[in-house]
Amino acid sequence: MTVLCSIFILGIIFLLTDYCVYRIVFYLPQKKRPDFHNVPESNLYKAHREKMLECVKDMEQSPYEEITIQSKDGYLLYGRLYHVKKDAPLMIFFHGYHGTFAWDGYGCYKICKENDINILMVDERAHGKSDSNVITFGLKERYDCKLWTEYAVKRFGENVEIFLAGVSMGAASVLMATELGLVPNVKGIVADCGFTSPQDIIKENIKQMKLPVKPVYVLVKIGAYLFGHFDLVEASSYQAVKGLNIPVLFIHGEQDSVVPVSMNHALYEACNGKKSRIIIEGADHANSALTDYGAYKKAVLEFLREC
């Protein structure tokens with residue numbers, strides 16, 4: 001009886017610990033979501049804060065339409081449509097983990113506005129105004145991406161040209177969505193600082209936190225499966241690009257402190273489709289456009305024209 005009690009208590013301790021890990025990694029309730037109007041003074045954004053605040057102000061003053069769709073699993077998803085020109089191409093933008101469309105979308109928003117390209121900026125699930133409290137590192141977000149492309153065709157017609165763009169988790173979501181069979185209107189993908197797989201980026205961040213990778217990752221993986229009902233290895237950007245038939249522009253900051261630039265190299269080498277790449281010198285995670293907007297804009301516009 002004592003042995004059984006000990007096993008039971010250890011089991012309860014394990015489940016409680018695992019649930020806490022799950023909440024830390026994957027859970028983002030509405031009250032803890034960042035307000036994009038308040039750009040943080042962190043090391044990542046400190047040097048670019050004024051530019052970001054100017055862009056946020058412009059986003060608020062420019063006409064936009066609020067759009068909602070329902071996800072495959074029943075959540076209401078939110079987006080902002082900046083419609084600048086009739087019959088123009090449409091870019092659909094996806095931000096990163098714990099990010100916002102306003103911060104991560106600085107480069108794409110400016111490029112689209114300056115070049116008469118319509119842009120739909122999405123609040124990914126568990127971010128901004130969108131429902132759900134669980135982030136899945138692109139595994140469920142990829143299905144949302146597919147739905148947004150289908151919405152775009154219904155809204156703008158069968159001839160609309162669509163470009164998908166994403167930063168960090170947003171880039172991974174877009175790349176993984178290509179395995180689901182996207183509408184043929186998708187002409188190209190801009191993948192900025194995307195990671196090779198949910199598994200890889202979680203292990204990388206555990207390592208950066210100087211924690212034991214294997215045992216902590218096991219806790220994270222089990223927590224995702226038990227409490228979030230998803231498997232961290234069910235899809236990956238690395239596998240997706242191997243069968244890609246849509247042109248991709250891979251972008252990465254040379255000094256990325258979150259998603260190592262080696263992941264960009266791995267994705268670029270694995271991609272069997274039409275591809276191009278730019279590494280922005282001196283740029284940290286998700287701020288390549290902020291660091292060198294001129295180079296970023298030139299690469300993106302050249303890519304869009306080629307597509």
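What follows draws every value from the coordinates through simple rules; no lab data is involved. Since this is a predicted model, take the numbers as computed values, not measurements. All Cβ positions, glycine included, derive from the backbone under ideal geometry; neighbour counts span all protein chains shown.
Laid out as a table, the results:
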{"item": "For the range 65-188: relative contact order, % (alpha-carbon pairs under 8 angstrom, 6 or more apart)", "result": "30"}
{"item": "Semi-axis lengths, Å, the range 205-257, gyration tensor of Cα atoms, sqrt of 5 times eigenvalues", "result": "27, 20, 8"}
{"item": "Projected area averaged over orientations for the range 79-223, convex hull of C-alpha atoms, nm²", "result": "8.8"}
{"item": "Additional length obtainable on full extension of the chain from Tyr27 to Lys210, 0.36 nm per residue less Cα span", "result": "63.7 nm"}
{"item": "In Hz, Karplus ³J(HN,Hα) per residue of the range 271-277 (6.51, -1.76, 1.60; θ = phi - 60°; x = Gly, Pro)", "result": "5, 9, x, 5, 8, 8, 8"}
{"item": "Residue exposure sequence - Asp35, Asp144, Asp284 - by fewest surrounding Cβ within 10 Å", "result": "Asp35, Asp284, Asp144"}
{"item": "Magnitude of the charge dipole, the range 160-247, Cβ model with Lys/Arg +1 and Asp/Glu -1, debye to 20", "result": "340"}
{"item": "Percent of C-alpha pairs per 10 Å bin, the range 158-203, short to long", "result": "28, 49, 19, 4, 0"}
{"item": "Positive-pole candidate from Val261, Ala299, Asn118, dipole of the chain, charges at beta carbon", "result": "Val261"}
{"item": "Candidate lysines - alpha carbon under 29 Å from Lys51, same-chain residues fewer than 8 apart omitted", "result": "Lys31, Lys32, Lys85, Lys86, Lys110, Lys113, Lys129, Lys297, Lys298"}
{"item": "At R0 = 35 Å, FRET efficiency that the Cβ-Cβ distance of Ser257 and Tyr19 yields, to 0.05", "result": "0.75"}
{"item": "For the range 150-307, convex hull of alpha carbons as volume per residue, Å³", "result": "122"}
{"item": "Net length gained if the chain between Cys5 and Thr68 were fully extended (0.36 nm per residue, minus Cα distance)", "result": "17.7 nm"}
{"item": "The range 20-120: GluC sites (Glu not before Pro) falling in loop per DSSP and having at most 15 other Cβ within 10 Å", "result": "Glu41"}
{"item": "More than 19 angstrom apart: percent of Cα pairs within the range 11-132", "result": "55"}
{"item": "Ellipticity estimate at 222 nm from DSSP helix runs (n ≥ 4, -39,500 (n - 2.57)) divided over the chain, nearest 500", "result": "-13000 deg cm²/dmol"}
{"item": "Rounded to 5, the percent of DSSP beta bridges in the range 4-131 classed as antiparallel", "result": "70"}
{"item": "Tail fraction, Cα-Cα pairs, the chain, threshold 30 Å, whole percent", "result": "30"}
{"item": "Percent of beta bridges antiparallel (DSSP, the chain, rounded to nearest 5)", "result": "30"}
{"item": "Most mobile of Val134, Val186, Val213 in a GNM of the chain (Cα contacts under 10 Å)", "result": "Val213"}
{"item": "Value of Rg to Rh for the range 137-178 (Rh from inverse mean 1/r over Cα pairs, i.e. Kirkwood)", "result": "1.01"}
{"item": "Choice from Gly166, Gly128, Gly157 showing the highest fluctuation, given a GNM over the chain with Cα pairs closer than 10 Å", "result": "Gly157"}
